[in-house]
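A short write-up of the structure that comes next.
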Amino acid sequence: MSDIADSALADAGRDRIAWADAQMPVLRSLRERLAAERPLEGLTVGACLHVTAETANLVRALLAGGARVALCAANPLATQDEVAAALAQEDGAEVHARRGESLDELAEHVAAVIDTAPQVTLDDGADLLVTIHAAREDLLDGLLGGTEETTSGLVRLRALEAEGRLRCPVLAVNEARTERVFNDHYGTGQSTLDGILRATNLLLAGRTVVVIGYGPTGKGIALRARGAGAQVIVCEVDPLPALDARMEGFEVLPALEAAARGDVFITVTGAPGVLGAEHFARMKDGAVLANAGHFDVEIDLPALREAGGEPRAVRPLVEQYDLGDGRRLNLLASGRVVNLAAGEGHPASVMDLSFALQVLSVEHLAREERLPAGVHGVPPEIDREVARLKLASLGVELDRLTDEQRRYLGRWE
Ligand SMILES: NC(=O)c1ccc[n+]([C@@H]2O[C@H](COP(=O)([O-])OP(=O)(O)OC[C@H]3O[C@@H](n4cnc5c(N)ncnc54)[C@H](O)[C@@H]3O)[C@@H](O)[C@H]2O)c1
């Protein structure tokens, strides 16, 4: 049985899902194929993802293939209640998510999804798989495997694997090539700035934006911020991305030095306490602090409270901390992932590719021989198929290798 905020919102949810669907041609073509072939007939899928219109279209594709799907939220602030209401009315779907639910409710909803005894899990942050390994080992024998959508989830699953305790295969959707390019780079790049602008209505041109962490996600954000006219400073701990940032033309500085220069700070490292007391002590009056990393640990919130006391809500999703010396710091979305909490997450056309990878990965786990336990890459043919379908939807045609080229490239002499 679903647990949602208000089933009367279902019509509005259907409109929102249809709007996203129009931007998701790859998923739509997969949905049509799955509806004809029904390869997931009888499969139970548990999903812990952001409960948004795009996710609803992923769920619809899995339902079309014959699966039963139970869904809960990977982040309580990202849930679109109207989408949850609409999805809960689809045959074969149950939804356990309410926007703004407490952490206890979130845990109950994760448990409710796990109680459906999923054969395949879809995670964005590894909550389902970690909880199953910690508390429901009885389900592991029936589990064909799972997929993971984000870096921070893979960090947890690889830590489990390193201890020899990961007992099912996991496909690292997050590391597929199409995902890296589209989701992290273009998707998070645009949507993080969109979330910050919606919350603050700042003009970025001429401002100094400090991006902390220059993985594929941070790089996308840095490039988009520069495109909007900002001066961008990058902070890193790894020489390779730091060099990449420098060659890309960004200023690279230690975070403590950047702290005194930035107008907007964006953390996107996956690591805790990246901005802490020593940084707050140097920041300018009016600085904006936003986090695009998966968990709300990158900005040290206890330290911020210690420095600024109880914050004042100055706009929706903007909490202002008064440091008592004429400086105020503005924290967005309570330090939660800003593109989802203050914006709408990635545009649907970006999630189209991520979720096409998810659908093909579920089909792979359900159809193929059981993979050994461990974190696996998404098979390259899935990656290529998603890129091919996307290009087809854009009407883009490719050249083909000639026979002679193929022979040449296959020779060792
Ligand atoms: N908001 C979104 O929609 C979204 C999308 C994709 C990924 N993410 C999240 O963003 C985070 C980063 O993802 P990624 O895929 O780019 O990860 P990544 O691991 O590839 O890159 C993170 C970078 O941060 C650097 N870093 C780590 N600690 C640091 C520190 N203390 N100071 C400076 N740099 C530091 C690392 O060296 C690395 O280059 C993860 O939490 C991921 O889950 C969010």
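Points to keep in mind about this one:
- Straightening the chain between Ser393 and Gln320 buys 21.8 nm, computed as 0.36 nm per residue apart minus the Cα-Cα spacing.
- The chain: angle of helix 103-114 to the longest principal axis, Cα-based, in degrees nearest 10: 10
- Compactness of the chain is given as radius of gyration and Dmax, 21.9, 74 Å, from Cα positions.
- Take the range 1-149 with all the other protein chains still there, run a 1.4 Å probe, and you get 36 Å² of accessible area per residue.
- Alpha-carbon centroids, the range 323-348 and the range 80-109: separation in whole Å: 24
- The range 42-137, relative contact order in percent, only Cα pairs under 8 angstrom and at least six apart counted: 36
- Candidate residues Leu204, Leu243: accessible-area rank, largest first, probe 1.4 Å: Leu243, Leu204
- Using a probe radius of 1.4 angstrom, the carbon and sulfur fraction of the accessible surface of the chain is 50%.
- Gain in span if fully extended, Leu371 to Glu310, counting 0.36 nm per residue against the direct Cα distance: 16.9 nm
- Global form of the range 252-404, assessed from the alpha-carbon gyration tensor, a/c cut-off 1.5: prolate
- Counting only protein heavy atoms and using a 1.4 Å probe, the accessible area of Asp6 comes to about 70 Å².
- Cα-based helix-to-principal-axis angle, 380-394 vs the chain, degrees rounded to 10: 80
- Rolling a 1.4 angstrom probe over the protein heavy atoms with all chains in place gives the range 223-322 an accessible area of 49 Å² per residue.
- Axis angle, to the nearest 10 degrees, between helix 53-64 and the longest C-alpha principal axis of the chain: 10 degrees.
- For the chain, share of DSSP beta bridges that run antiparallel, in % to the nearest 5: 15
- Label-point separation, Trp19 to Leu409 (7 Å along Cα→Cβ), nm: 4.2
- The protection proxy used here, the mean number of other Cβ atoms lying within 10 Å of each residue, ranks peptides 38-47, 92-101 as follows, highest first: 92-101, 38-47.
- If you wrap the Cα atoms of the range 1-86 in a convex hull and average its projected area over all directions, you get 5.5 nm².
- Taking all protein chains together, Thr269, Thr55 sort by accessible area into Thr269, Thr55, largest first [probe 1.4 Å].
- In terms of accessible area, using a 1.4 Å probe and ignoring ligands and nucleic acids, Glu310, Glu319, Glu179 rank largest first as Glu310, Glu319, Glu179.
- Simple rule: put +1 on each Lys or Arg Cβ and -1 on each Asp or Glu Cβ in the chain, find the dipole, and look at Ala356, Thr121, Ala8; the Cα lying farthest toward the positive end is Ala356.
The values are calculated or read from the model by the stated rules, or taken from the named source; none is laboratory data. The model shown is predicted, which means the values in this text are computed figures rather than measured ones. When we count neighbours, we look across all protein chains shown, and the Cβ atoms used for this are built from the backbone with ideal geometry, even at glycine. Accessible surface areas use protein heavy atoms only, side chains included; no ligands, DNA or RNA. Shrake-Rupley method; radii C 1.70, N 1.55, O 1.52, S 1.80 Å.
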